[in-house]
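Everything below concerns the one structure shown next.
The values are calculated or read from the model by the stated rules, or taken from the named source; none is laboratory data. These figures come from a predicted structure and were not determined experimentally. Don't worry about glycine lacking a Cβ; one is built from the backbone with ideal geometry, like all the others, and counts go over all protein chains shown. Accessible surface is based on the protein model in full, side chains and every heavy atom, while ligands, DNA and RNA are left aside. Shrake-Rupley method; radii C 1.70, N 1.55, O 1.52, S 1.80 Å.
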Amino acid sequence: YPGVAGVPNAPLGPESALEKQLSYYFSAENLSRDAYLVGQMDSQRYVPINLIANFPKIRTLTSTLEDPSEALVKAMQRCPGLNVDVDRKLVRPNLRATVLLLRDILPDTPKMAVEELLKDVSDIKSIEPTSYAWSIRLSSDKACLNVVLQLAKKSFNGKPVRCKVFQTQLATSSNGYPLVYPSVGAV
């Protein structure tokens, strides 16, 4: 991840560091294993912004800013992977992805076993083995987020289900750098 002004490994400014941290919290990678954050989501997948404001890392990143609450909301609004509600009190993830790769489920796993894992998912367009895992194509980015959140609660052969999310559009921060490398977000 390039630093400020395109200088590799340069420290990020407070706003960029805040955007990067927020993007991570709401990434498929983090949501697939962050039971606390997922548990705080309402039925529309929103989380109170004041909850996020109280995360220790966010408090640290905003502590030097003139108006930490306003800076946090503005950083969330700049993150393409986030949606802030009109009242600026709630935030939710926006994955912009329709393909998941089930990382730890080998392609020689019977398709019936993969289908059983996904039996509660209705928006699947296809389930296919790849050369090293299973690919799940979904009908929309909303369906993809729902599957990531459902899989976060499941296990396969006694292990957590992890996946990669293939972005349909590469998200970038306000300074133009990718938020997800290169166009795949690992979960």
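Structure above, values below:
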read-out	value
Pick from region 92-129, criterion over 19 Å from GLU29 (Cβ atoms) and polar (S, T, N, Q), ranking: surrounded by the most Cβ atoms within 10 Å (Cβ to Cβ)	THR109
Qualifying residue in region 83-96 (condition: touching a Lys or Arg at 6+ places or on another chain (Cβ under 7 Å) and in a loop (DSSP other than H, G, I, E, B))	no
Exclusive hit being open to solvent by less than 50 Å² (accessible area, probe 1.4 Å), out of contact with any Leu (no Cβ under 7 Å at 6 or more places or on another chain) and modelled with pLDDT of 85 or more, set LEU65, LEU18, LEU22	LEU65
Flag if VAL84 is hydrophobic (A, V, I, L, M, F, W, C), touching a strand residue (DSSP E or B) at 6+ places or on another chain (Cβ under 6 Å) and open to solvent by 30 Å² or more (accessible area, probe 1.4 Å)	yes
Checklist (1) over 19 Å from the mean Cα position of the chain (by Cα); (2) under 27 Å from VAL147 (Cβ atoms) applied to ASN54, failing item	(2)
Subset of region 68-80 (residues that are open to solvent by 20 Å² or more (accessible area, probe 1.4 Å) and in a loop (DSSP other than H, G, I, E, B))	PRO80
Output for region 46-62, where each listed residue is under 18 Å from SER23 (Cβ atoms) and open to solvent by less than 70 Å² (accessible area, probe 1.4 Å)	TYR46, VAL47, ILE49, LEU51, ILE52, ALA53, PHE55, ILE58, LEU61, THR62
Cross-chain or 6+ apart pairs with Cβ under 9 Å, region 134-163 first and at negative phi and among the charged types (D, E, K, R), then modelled with pLDDT of 85 or more and part of a helix (DSSP H, G or I)	LYS153/VAL38; LYS154/LEU117; ARG162/LEU151
Residues of region 26-40 classified as over 16 Å from CYS144 (Cα atoms) and either assigned to a loop (DSSP other than H, G, I, E, B) or open to solvent by 30 Å² or more (accessible area, probe 1.4 Å) (or both), total	5
